[in-house]
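Beneath this line is the structure, given in structure tokens, with notes to follow.
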């Protein structure tokens, strides 16, 4: 009876050994690890430049890199878009214990920012002064108000006199608004990612950020939106520029009141019908002017600045691409933006995919044949076991191996119980 127990127990152990041996090559396979980082991409009027891409790859036999992880501000003729002080882009990979890991980070910050190691997979930059991004210029001096618009609703007996007095003032006010800058203030803007064989993750941070329009007096600065510090993935920021329309119209009305009001103003010299005062005419003129500007400013009420924060995509399993800030100046602004349209991408990183490396097959031995004998392909290797799968054992193979182990162990246990009873 002890002989039978020995045989059955040996069968169970053999089954376990076969399972371990079958999966051994898969566990020992190398992993690929990939990561890349680009700090800045800038496009103006169809011309583009960037800081280049820094890439790290590890195929299980050591890391290789390409590109520059100490980038300089790209040069683009005629660009006055940024006053960036510090740029960062770095990536790193490693393979240890049969597991591949990759990290990357990139971004920009103002003067005084300090660089951090990429190894923590969370950030590249700390601190720094505020960055100003000048996306484009809106030239409000091209706005026009016709005499017919000015005198609408005014008594016909004074219409000609009002138009002659007001038209030069309106032109002066609109020209005085000058060029308005569409811009963004930013602290440190950066993204980071990490990946291993089980998955990939990433995030972006945008410190001390806001979008605004800065115009000449009397319009001044108009804040459009405050950007979140830790934006959720694919946060689309809608910059509603109706506030700019209101600011322009308010500035024009205020200046008209200052320049036309009072007895000493241009309207004070007019002979007005009984019951009509300079204040009444001025109120009507201001309403007419601001109403006439409304249709011309309508494109600004559309989304001139299109901003996406923490833009994320997953091109493949266990791979992620993260962009901290993606800014586009839309065609709706072309009526007012007489400078070049622009695009800006800050902090773009990719991590993964991390996959198993495929071992090279052994060299085929020389085959000697007699003259006239057709040569036959001689197999040099036969795929077997879990290690024959490029990405590890399939679920079916694992199930079969598990069943083999279960049968072997069960047979051993059953034999052991039989031996005790006997």
To the nearest 0.05, what FRET efficiency results for residue 139 and residue 258 with a Förster distance of 22 Å applied to their C-beta separation?
-> 0.45
Between residue 314 and residue 152, how many nm apart are label points set 7 Å from Cα along the C-beta direction?
-> 5.5 nm
Under a point spin-label approximation (7 Å from Cα along Cα-to-Cβ), what is the residue 274-residue 217 distance to one decimal in nm?
-> 4.4 nm
Stretchable slack from residue 246 to residue 343, in nm (0.36 nm times residue separation minus alpha-carbon distance) = 32.3 nm
Please arrange 283, 306 by counting, for each residue, the other beta carbons lying within 10 Å of its beta carbon, fewest first.
-> 283, 306
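Relative to the compact globular guide of 2.2 N^0.38 Å, what is the alpha carbon radius of gyration of the stretch 130-243, as a ratio?
For the stretch 130-243, the normalised Cα radius of gyration is 1.72.
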When the C-alpha atoms of the stretch 33-351 are aligned to their principal axes, what extent does each axis show, in angstrom, from largest down?
-> 97, 31, 31
In 5 Å bins starting at 0, how do the alpha-carbon pair distances of the stretch 256-310 split up by percent?
-> 4, 16, 19, 15, 11, 8, 8, 7, 5, 4, 2, 1, 1
Coarse-grained scattering of the stretch 197-245 at q = 0.13, 0.23 Å⁻¹, given as base-10 log I(q)/I(0) from a Debye sum over alpha-carbon atoms | -0.45, -0.89
Would you calculate the separation in nanometres between label points at residue 201 and residue 61, each defined as 7 Å from the Cα along the Cα-to-beta-carbon direction?
-> 3.4 nm
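Here, each number is a calculation from the coordinates, and none is a lab measurement. As the structure is a prediction and not an experimental result, all values here were calculated from the model. Every residue, glycine as well, gets a Cβ built from its backbone with ideal geometry; the counts of neighbours run over all protein chains shown.
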